[in-house]
Amino acid sequence: MERLKIDPLSTWGLPNKRPLVISGPCSAESEEQVLETAKRLDGQGIDILRAGIWKPRTRPGSFEGVGRIALPWLKKAGEQLGKPIAVEVATREHVFDCLKAGVDILWVGARTTANPFSVQEIADALEGVDIPVIVKNPVNPDLQLWIGALERINRAGITRLGALHRGFSSYDKSKYRNKPMWEIPIELKRIYPEIPLFSDPSHISGNRELIASLAQKALDLNFDGLMIEAHRMPDEAWSDAGQQVTPERLGEIVKGLVIRDQNPEVAANKLEEMRAGIDRIDNYVLEILAERMDIAEKIGEFKRDNKMTILQTGRWDQIVQDRAKMGLSKGLTEEFVKELFEAIHQESIRHQTKVMNK
Ligand code: PEP
Ligand code: MN
């Protein structure tokens, strides 16, 4: 797998804080709506102002975004707020329009990431441009497709590159609009620990009530930032009304987040403590096994004195079945318990053979 060439988040010109917060409306609707939302977001913990201008909608005929006329509105709002602005791009024209308008950060939406032709078109339009780009996960739970999109953008020379987790569509009903499947962004971070990772609890949940807990979970998993949709009147929003929050609520959510173990010393001590627990238990396991072997030797002596064979198959079958059942009730898998007792049994036989041949 090719390595991504990623610049650290510190090169994005953003404050050095965690989480970085991207907020703003799902869609820009009017100049007043963008300006008012941005004004009310001031002081609510926001670092980047977002708004969708071209909206990828499932069915034609619903609101598809106001288009490029919103770029100056967003630019003005960003200037008044003193924060960089971010816009979703899905075609080469979108990229050119955004660059011309002075958009600071671009993001690739989930539906676009799922289509390598579209991602390549965006990558080609970005050739030779230096701008931070955030790639949302594809709508389907395919890590390779996500990585492929990051690679395409990276090959165009974009090194200020981030990934954004917004959940995955699924056929089964769940309380989420898009299932989080946290293991996928975690695996991305394992492969590319250097990639700035954001989470979007608004699009994961589809429901404003679930945003705070999802945002906390992302922080606990060490994500760098959050994208949360905020609208001056969420219920009146032209898109994604149910998942948007007011700017004031955004502030409460951000303030309510608990940043755990920021202090690496505290984290290291905690880990040390848990590892000491494991060491203690392993020592105990070995002592108990040695004690078990002592008993096995005594049985060996008994068998020798009474001219019995070492192996008594019936007894052994019963042990394996009985222990597998005991293990299951303690949350251990049947295979593990069987393998463990197979090994213990072999060692018992070694001890008994030694005694028998004395
Ligand atoms: C959005 O952020 O408004 C958006 C369309 O998100 P996604 O691409 O995650 O569906
Ligand atoms: Mn949205």
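The values are calculated or read from the model by the stated rules, or taken from the named source; none is laboratory data. Remember, it's a predicted structure, so these values are computed and weren't measured experimentally. Ideal geometry is used to build each Cβ from the backbone, glycine not excepted, and the neighbour counts take in all protein chains shown.
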>> Condition first: on the phi > 0 side of the Ramachandran plot, touching a Lys or Arg at 6+ places or on another chain (Cβ under 6 Å) and surrounded by 18 or more Cβ atoms within 10 Å (Cβ to Cβ). Can you find one or more residues in the range 154-168 that meet it?
In response: yes
>> Quick check on the range 181-198. Is at least one of its residues in contact with a strand residue (DSSP E or B) (Cβ under 6 Å, 6 or more places away or on another chain), within 14 Å of ligand 2 (Cβ to nearest atom) and modelled with pLDDT of 95 or more?
In response: no
> Looking at the range 110-124, is at least one residue within 16 Å of ligand 2 (Cβ to nearest atom) and hydroxyl-bearing (Ser, Thr, Tyr)?
Replying inline: yes
>> Among the residues of the range 307-328, are any within 30 Å of Pro180 (Cα to Cα) and of a type outside the set (Phe, Trp, Tyr)?
In response: yes
>> Among the residues of the range 256-271, are any farther than 30 Å from Leu20 by Cα, charged (D, E, K, R) and without any contact (Cβ under 8 Å) to a residue 12 or more places away in the chain?
In response: no
>> So, in the range 57-73, exactly how many residues are under 21 Å from Ala241 (Cβ atoms) and either surrounded by fewer than 11 Cβ atoms within 10 Å (Cβ to Cβ) or basic (Lys, Arg) (or both)?
In response: 6
> Here is a list of conditions, (1) within 24 Å of Asp42 (Cα to Cα); (2) over 20 Å from the mean Cα position of the chain (by Cα), and Leu164 meets all of them except one; can you say which number that is?
Replying inline: (2)
>> Which condition from (1) closer than 23 Å to Ile211 by Cα; (2) modelled with pLDDT of 95 or more; (3) away from ligand 1 (no atom under 12 Å from the Cβ); (4) assigned to a loop (DSSP other than H, G, I, E, B) is the one that Asp172 breaks?
In response: (2)
>> Out of everything in the range 194-209 that is touching an Asp or Glu at 6+ places or on another chain (Cβ under 6 Å) and more than 11 Å from Ile228 (Cβ to Cβ), what residue ends up being surrounded by the fewest Cβ atoms within 10 Å (Cβ to Cβ)?
In response: Leu197
>> Could you check the range 237-252 and list, in sequence order, the residues that are without any contact (Cβ under 8 Å) to a residue 60 or more places away in the chain and closer than 17 Å to Arg166 by Cβ?
In response: Gly242, Val245
> Counting only residues that are in contact with an Asp or Glu (Cβ under 9 Å, 6 or more places away or on another chain) and within 20 Å of Val89 (Cα to Cα), how many does the range 30-48 have?
Replying inline: 1
> For Ile122, are the conditions met, namely being among the aliphatic types (A, V, I, L, M) and within 18 Å of Leu20 (Cα to Cα)?
Replying inline: no
> Quick one: what pairs do we get from the range 124-147, first residue at negative phi and assigned to a loop (DSSP other than H, G, I, E, B), second within 16 Å of ligand 2 (Cβ to nearest atom) and of a type in the set (Gly, Ala, Ser), C-beta under 8 Å, 6+ apart or different chains?
Replying inline: Asn137/Ala110; Asn137/Gly167; Pro138/Ala110; Val139/Ala110; Val139/Ser169; Asn140/Ser169
> Of all the helices (runs of 4 or more DSSP H) wholly in the range 183-268, which have at least 3 residues that are within 15 Å of ligand 1 (Cβ to nearest atom)?
Replying inline: 201-205, 211-220
>> Please count how many residues of the range 60-82 are touching a residue at least 24 places away in the same chain (Cβ under 8 Å) and touching a Phe, Trp or Tyr at 6+ places or on another chain (Cβ under 8 Å).
In response: 2
> Do we have any residue at all in the range 252-259 that's more than 19 Å from the chain's Cα centre (by Cα) and within 16 Å of ligand 2 (Cβ to nearest atom)?
Replying inline: no
>> For Ile46, only one of the following conditions fails: (1) more than 16 Å from ligand 1 (Cβ to nearest atom); (2) closer than 25 Å to Arg260 by Cα. What is its number?
In response: (1)
